[in-house]
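Okay, so here's the structure we're looking at.
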Amino acid sequence: MLHINSVSRHRGMTLLSGVRLPGLMAIRDGRLGRFASIRPGSHNAQAFGDDGVVYNATGHDALVIADAEGFDRRNMRYPRYPEGELLNADLPEDHARQGFGRGLCFRDGLVIVGSSPATVSVFEAETGRLVRSVNITMDVRHCPHGLEIWPF
């Protein structure tokens, strides 16, 4: 199964990523090719800046900003909480776990990501500094998806 989880536009190309694709892929002139290398199992990859990519490295519990060859420029860990405060932490990790990253958008030098349990975090792209983090529930089954800045 392909599992495409992100589609975006960049400089006239349609970009798509998925956990089983060999990178952030680009459709140019009707042909599919790799735009940038990303870690396997990642979510929400998008072009970033002039020659980079930003994505949720889901298996590594981190937000990554990298160059097109896949070398990390920034690696930002999602907030973590004491195990005793989590709800449903006893579920198998392939169902739900702390630190699962999903949902990503960016603007004006900030990157906004979602992670489990139900946390939305804002990072400075240039420094990797965590600006703000808001937790809605400690239930690891919940993770913000489909983040977008509005109005567009």
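The values are calculated or read from the model by the stated rules, or taken from the named source; none is laboratory data. Keep in mind the model is a prediction, meaning the values are calculated, not measured. Every residue, glycine as well, gets a Cβ built from its backbone with ideal geometry; the counts of neighbours run over all protein chains shown.
Would you confirm whether or not the stretch 132-140 contains a residue that is modelled with pLDDT under 95 and among the acidic types (D, E)? Checked the stretch 132-140: no residue is modelled with pLDDT under 95 and among the acidic types (D, E).
Regarding R34, is this residue of a type outside the set (A, V, I, L, M), in contact with a His (Cβ under 7 Å, 6 or more places away or on another chain) and closer than 20 Å to S17 by Cα? Spell out the reasoning first.
Working: of a type outside the set (A, V, I, L, M): yes; in contact with a His (Cβ under 7 Å, 6 or more places away or on another chain): no; closer than 20 Å to S17 by Cα: yes.
Here the answer is no, as R34 does not meet what is asked.
Taking the stretch 131-146 as the range and being of a type in the set (A, V, I, L, M) and touching a Lys or Arg at 6+ places or on another chain (Cβ under 9 Å) as the test, only V140 passes. Of all residues in the stretch 1-15, those that are assigned to a loop (DSSP other than H, G, I, E, B) have Cβ atoms under 7 Å from Cβ atoms of residues that are surrounded by 11 or more Cβ atoms within 10 Å (Cβ to Cβ) and not basic (K, R), 6 or more apart or on another chain, in L2/G18; H3/G18; H3/V19. Could you check, for the stretch 99-106, whether at least one of its residues is touching a helix residue (DSSP H, G or I) at 6+ places or on another chain (Cβ under 8 Å), touching a residue at least 12 places away in the same chain (Cβ under 8 Å) and among the aromatic types (F, W, Y)? Yes, the stretch 99-106 has at least one match.
Apart from one condition, R31 fits all of (1) loosely packed, with under 13 Cβ neighbours inside 10 Å; (2) in contact with a strand residue (DSSP E or B) (Cβ under 9 Å, 6 or more places away or on another chain); (3) modelled with pLDDT of 95 or more; the exception is (2).
Considering the stretch 59-97 alone, what residues qualify as being among the basic types (K, R) and loosely packed, with under 15 Cβ neighbours inside 10 Å? Don't jump to the end; show me each part of the working.
From the stretch 59-97, those among the basic types (K, R) are 73-74, 77, 80, 97; that's our starting set.
Scanning the stretch 59-97 gives a single hit, R80.
Among the residues of the stretch 106-119, the ones that are buried (at least 18 other Cβ atoms within 10 Å of the Cβ) and part of a strand (DSSP E or B) come to 7 in all. Within the stretch 113-129, residues that are under 11 Å from Q98 (Cβ atoms) reach partners that are basic (K, R) and part of a strand (DSSP E or B) with beta carbons closer than 9 Å, at six or more positions or on different chains, in the pairs S115/R102; S116/R102.
So, in the stretch 17-56, exactly how many residues are assigned to a strand (DSSP E or B) and either free of Cβ contacts under 8 Å to residues at least 12 places away in the same chain or more than 26 Å from V120 (Cβ to Cβ) (or both)? Lay out the reasoning, then the answer.
Just the residues of the stretch 17-56 that are assigned to a strand (DSSP E or B), to begin with: 17-18, 24-28, 31-36, 43-48, 52-56.
So of that shortlist, the ones also either free of Cβ contacts under 8 Å to residues at least 12 places away in the same chain or more than 26 Å from V120 (Cβ to Cβ) (or both) come out as 25-28, 31-35.
Qualifying residue count, the stretch 17-56: 9.
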